[in-house]
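Below: one structure, written as structure tokens.
The values are calculated or read from the model by the stated rules, or taken from the named source; none is laboratory data. None of these values were measured; they are calculated from a predicted model. Note that each Cβ is placed from the backbone with ideal geometry, even for glycine, and that neighbours are counted across all protein chains shown.
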Protein chains: 2
Amino acid sequence: MANPTAAMLVIGDEILSGRTRDANMYHLAQRLTEAGVDLCEVRVVSDKAEAIEGAVRALSAAYDVVFTSGGIGPTHDDITADCVARAMGAPIDVREDARALLASHYASRGIEFNAARMRMARIPEGATLIDNPVSVAPGFTLGNVHVMAGVPDIFEAMLASVLPTITGGRPLLSQSLRVDRGEGEIAAPLAELAADFPDLSIGCYPFQRDGAFGANVVIRGQDAGRLHAAMARLSEMFP
Amino acid sequence: MANPTAAMLVIGDEILSGRTRDANMYHLAQRLTEAGVDLCEVRVVSDKAEAIEGAVRALSAAYDVVFTSGGIGPTHDDITADCVARAMGAPIDVREDARALLASHYASRGIEFNAARMRMARIPEGATLIDNPVSVAPGFTLGNVHVMAGVPDIFEAMLASVLPTITGGRPLLSQSLRVDRGEGEIAAPLAELAADFPDLSIGCYPFQRDGAFGANVVIRGQDAGRLHAAMARLSEMFP
């Protein structure tokens, strides 16, 4: 059985302007690999409605599951929920369950539940809430799209609660070998190996250290036996 | 005059599998912002021909300039040059100028110029070479697409030689103010500010530190006078 396919949509001018270095993509990529879900594409778009809606439509149609990050806070540029609702053809308004969550959170802390904070209770019809153990304002799942916060610790917490609901395939295993030769010498034997093991993914990641060239060869696959066989061949090639 | 628009295409299974944390996107975003070029979209795709070609076509049509990162080495999964050529409708083969560069480099170091290394001399017709001061194998510019290496120090060196050829707009200026209040309290005044300064981009980036909520409000724009006026209003709002 093929692994489920996934895409990620990062929403945020702060990434595109270089103000912030993305952390959520890196985190998601690692968790999905462990879970046996293939992350096939990531897009980063700005806080513009057309950009967000277009990307949600394209990714939601092309992959089994989509994760979004960012744009669900209380400020004027937090438009992700409304954009996802439009892209998926769902009506959206303040929803009672989300409103109640936020109301009790703010009441218990003596914080005013104002109009800006009420924005965070806008949830599309038919969506399931995603728990936010850090600051309560929920994410949501609508169809195959999981809408999550951009703040890394909240993103990670939301992902942890969503991941078990996704039926992953077999986890991707990987092994690597450091080869102290230039990539140009590794390339031909590696192409042969790749041809003999079409079920494995074989990558070559060059580095330069103290003036010498080398590369890490990484072999990935779901079958431990095949992986070991390929690694054994690789070790013979580059003893 | 509006700033030129740009997109980036990162090619590499190693990013999507979580093995490597992207560095080139972060670097490019910062350099483009300084240069007055608006980075509008980033896509990360795997080492698959259809994925690369589709993304090159879409981004090259939608933005003034496109930067690609990765997939131009000598190994079997380095298919970027051929994919970009096909996407842009250009023939591709080993080109004499690139072959000569590589041949002299390898000859001077006593390294065999084998078939795998010859792959790096495949350059589309009509493309201009991009200098690689680190390991010689060149990138290239074809139409509005700049094809560069994925290894960060080579990517950075190639970008440095390409950037001056792109006529940037006015650099984007930014100023920020740390506000020690929850984002929900900052939101309403900030929406007012954004409405009064539609020419500026106003972002709010929440954080939580020692249990207290706060946010960095960042205002970006090309006109220093307008930026200062907006910052002054912001400081009045949150003294």
Residues within the range A:24-62 that are within 8 Å of chain B (Cβ to nearest Cβ), out of contact with any strand residue (DSSP E or B) (no Cβ under 7 Å at 6 or more places or on another chain) and within 15 Å of B:R43 (Cβ to Cβ), tallied: 0
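Table: residues versus (1) crowded, with 18+ Cβ neighbours inside 10 Å; (2) outside any loop (DSSP other than H, G, I, E, B); (3) outside the structural domain of B:Y26 (by TED's automatic domain parsing).
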residue: B:S60; (1), (2), (3): yes, yes, no
residue: B:T68; (1), (2), (3): yes, yes, no
residue: B:G71; (1), (2), (3): yes, no, no
residue: B:T75; (1), (2), (3): yes, no, no
residue: B:A98; (1), (2), (3): yes, yes, no
residue: B:I111; (1), (2), (3): no, no, no
Residue match in the range A:3-13 (condition: over 23 Å from B:S176 (Cα atoms), touching a Ser or Thr at 6+ places or on another chain (Cβ under 8 Å) and surrounded by fewer than 20 Cβ atoms within 10 Å (Cβ to Cβ)): yes
Filtered residue count, the range A:78-89, keeping only those that are within 9 Å of chain B (Cβ to nearest Cβ) and either touching a strand residue (DSSP E or B) at 6+ places or on another chain (Cβ under 6 Å) or part of a helix (DSSP H, G or I) (or both): 0
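Results for (1) in a strand (DSSP E or B); (2) in the same structural domain as A:A107 (by TED's automatic domain parsing), shown as yes or no for each residue.
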site: A:G150; (1), (2): no, yes
site: A:I154; (1), (2): no, yes
site: A:A157; (1), (2): no, yes
site: A:A187; (1), (2): no, no
site: A:C204; (1), (2): yes, no
site: A:Q208; (1), (2): yes, no
site: A:A215; (1), (2): yes, no
site: A:I219; (1), (2): yes, no
site: A:L227; (1), (2): no, no
Selection status of B:P206, modelled with pLDDT under 90 and out of contact with any helix residue (DSSP H, G or I) (no Cβ under 6 Å at 6 or more places or on another chain): no
Any hit, the range B:143-157, residues being at pLDDT below 95, more than 20 Å from A:C204 (Cβ to Cβ) and among the polar types (S, T, N, Q): no
Unmet requirement for A:S46, which otherwise passes all of (1) crowded, with 18+ Cβ neighbours inside 10 Å; (2) within 18 Å of the chain's Cα centre (by Cα); (3) at pLDDT 95 or above: (3)
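Please enumerate the residues belonging to the range B:187-206 that are under 14 Å from A:T75 (Cα atoms), more than 7 Å from chain A (Cβ to nearest Cβ) and under 28 Å from the mean Cα position of the chain (by Cα). Break it down stepwise before answering.
Residues of the range B:187-206 under 14 Å from A:T75 (Cα atoms): B:187-195, B:201-206.
Next cut, more than 7 Å from chain A (Cβ to nearest Cβ) only: B:189, B:192-193, B:195, B:202.
B:I202 - this is the single residue of the range B:187-206 that is under 14 Å from A:T75 (Cα atoms), more than 7 Å from chain A (Cβ to nearest Cβ) and under 28 Å from the mean Cα position of the chain (by Cα).
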In the range A:113-135, the residues that are out of contact with any strand residue (DSSP E or B) (no Cβ under 7 Å at 6 or more places or on another chain) and part of a helix (DSSP H, G or I): A:A115, A:A116, A:R117, A:R119, A:M120
Number of the exception - B:V136 against (1) buried (at least 21 other Cβ atoms within 10 Å of the Cβ); (2) on the phi > 0 side of the Ramachandran plot: (1)
Pairs with Cβ under 7 Å, 6+ apart, first in the range A:206-220 and surrounded by 15 or more Cβ atoms within 10 Å (Cβ to Cβ), second of a type in the set (V, I, T) and not in a strand (DSSP E or B): A:P206/B:V151; A:A215/A:I186; A:V217/A:I186
Residue in the range B:176-184 that is part of a helix (DSSP H, G or I) and farther than 30 Å from B:I79 by Cβ present: yes
